[in-house]
Amino acid sequence: MADNVEDIKSIDELRRAQAAAQAQGTSITNYNQWEQILEDLDAAGVQSTGTFNGDVKLHAQVMEKIEQFIEEAQAAQKHQEQNPKNDETQKVNNITAQDKEHVVKANLANATSSVIMADYMKYYHML
């Protein structure tokens with residue numbers, strides 16, 4: 001039963017096959033390693049190939065992709081840590097632009113109200 005185990009798609013199926021093998025006095029070759037691989041694949045959301053050799057190759061691919069993702073995330077975090085001033089500068093620039101806009105709006109409102117008040121006073125005195 002050792003090497004000819006195939007079509008094992010889950011940890012439960014592997015455990016049942018191991019129990020059946022142990023009942024016959026044998027054991028599945030690489031059982032512990034295959035169980036760990038199936039657990040890793042399950043955690044990554046990847047379906048088993050059904051064979052030990054296929055799962056070993058698939059596991060290597062998945063682990064390589066995970067390592068690449070981790071490296072990219074660490075590089076992005078390192079870049080973010082090295083350039084925190086860019087974010088702060090952008091925030092200050094945004095606030096400054098908003099302040100300038102508010103100043104323009106306030107000046108326009110003051111000018112408009114001054115013109116309205118001047119016109120009112122002019123017409124009031126004409127009466």
Long-range neighbours under 8 Å by Cβ, at least six apart or interchain, first residue under 15 Å from THR51 (Cβ atoms) within the range 17-39, second of a type in the set (Ser, Thr, Tyr): LEU38/SER10; LEU38/SER48
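Condition check ((1) at pLDDT 85 or above; (2) loosely packed, with under 10 Cβ neighbours inside 10 Å; (3) farther than 19 Å from ALA17 by Cβ) across all residues:
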site	(1), (2), (3)
VAL46	yes, no, yes
VAL56	yes, no, no
GLN61	yes, no, yes
GLN68	yes, no, yes
GLU72	yes, no, yes
GLN82	no, yes, yes
ASN86	no, no, yes
Matching option when the condition is of a type in the set (Val, Ile, Thr) and touching a residue at least 24 places away in the same chain (Cβ under 8 Å), among THR51, THR112: THR51
Residue in the range 119-126 that is more than 24 Å from the chain's Cα centre (by Cα), surrounded by fewer than 11 Cβ atoms within 10 Å (Cβ to Cβ) and either within 30 Å of GLU6 (Cα to Cα) or of a type in the set (A, V, I, L, M, F, W, C) (or both) present: yes
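Scan the range 8-37 for residues that are in a helix (DSSP H, G or I) and closer than 15 Å to VAL56 by Cβ and report the count.
Residues of the range 8-37 in a helix (DSSP H, G or I): 11-23, 31-37.
This time we only want the ones that are closer than 15 Å to VAL56 by Cβ, so: 14, 31-37.
Result for the range 8-37: 8.
The values are calculated or read from the model by the stated rules, or taken from the named source; none is laboratory data. What you see is a predicted model; the values in this text were computed from it and never measured. Positions of Cβ are backbone-derived with ideal geometry, glycine not excepted, and every protein chain shown enters the neighbour counts.
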